[in-house]
Amino acid sequence: DCALVFGAAVYGTQYAGPGIVRRVGGAGEYYRQGLITGKVILSGGTGTGNKLSEAQVMKREALKQGIPVEKIITEDESHSTLENLLYSRPLAKDCKNVVGISDKYHLARIDLLARRLDWDNFSTVPVQGSPTKEFERQSIIREIIAYAYYALHADAFIHLYTE
């Protein structure tokens, strides 16, 4: 019933980059189809040099997509996929189920981290559309490295964050 939309790059200090447009657009489509009926959590912090957090920029996009302001919750402290999950989970405490929305290349790492955090009512769905082929290739390489890192070292890393 609820969604967690993962942040992406903010352009020009305050404008939605293509990743934000794709991911929030996916949430908007699921909302219009009636697949999201509860909260839409927009998660992403403020990058170096940016005026607005990813979550704030995502909120503007969500409103353009027709998601009512009363359904939107922003989490703007996170700076990694792990932190997106950690900081958003308390905001989803009243949700029966939460679907994570991101680009398809990102979903394996999200699933791994959600399982490591024992987030049982969490699943993922990919957005429609893709970045440029070159960006997607670079992202897949980054995700393979990040997945391996978390798969091999996540327990100790997560333990530091949850104490």
Completion exercise
Filtered hits (aspartates and glutamates, Cα-Cα < 16 Å from K64, offset >= 8 within chain) -> E29, E54
Completion exercise
The answer for the chain, accessible area per residue at 1.4 Å probe in Å², is 52 Å²
Problem - Cα-based reach from K133 at 19 Å (exclusive), listing aspartates and glutamates while leaving out same-chain residues under 8 positions away - result: D103, E143
Exercise for the section: Take the alpha carbon atoms of region 92-145, find their center, do the same for region 33-91, and report the distance between the two centers in whole angstrom. Expected result: 15 Å
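Using the C-alpha atoms of region 43-105, what convex hull volume per residue, in cubic angstrom, is computed? Working shown, then result.
On the way: hull volume 6.9 nm³, N = 63.
Convex hull volume per residue, Cα atoms: 110 Å³.
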Exercise for the section: Against the globular-protein guess of 2.2 N^0.38 Å, express the Cα radius of gyration of region 62-141 as a ratio, rounded to two decimals. Expected result: 1.19
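Across region 1-133, how large is the tail of the calculated P(r) beyond 26 Å, expressed as a percent of all Cα pairs? Mind showing how you got there, number by number?
Numbers: 989 of 8778 pairs.
Beyond 26 Å sits 11 percent of the P(r) for region 1-133.
The values are calculated or read from the model by the stated rules, or taken from the named source; none is laboratory data. This is a predicted model, so every value here is computed, not measured. For the accessible areas, the whole protein counts, side chains as well, though only heavy atoms, and no ligand, DNA or RNA atoms are used. Shrake-Rupley method; radii C 1.70, N 1.55, O 1.52, S 1.80 Å.
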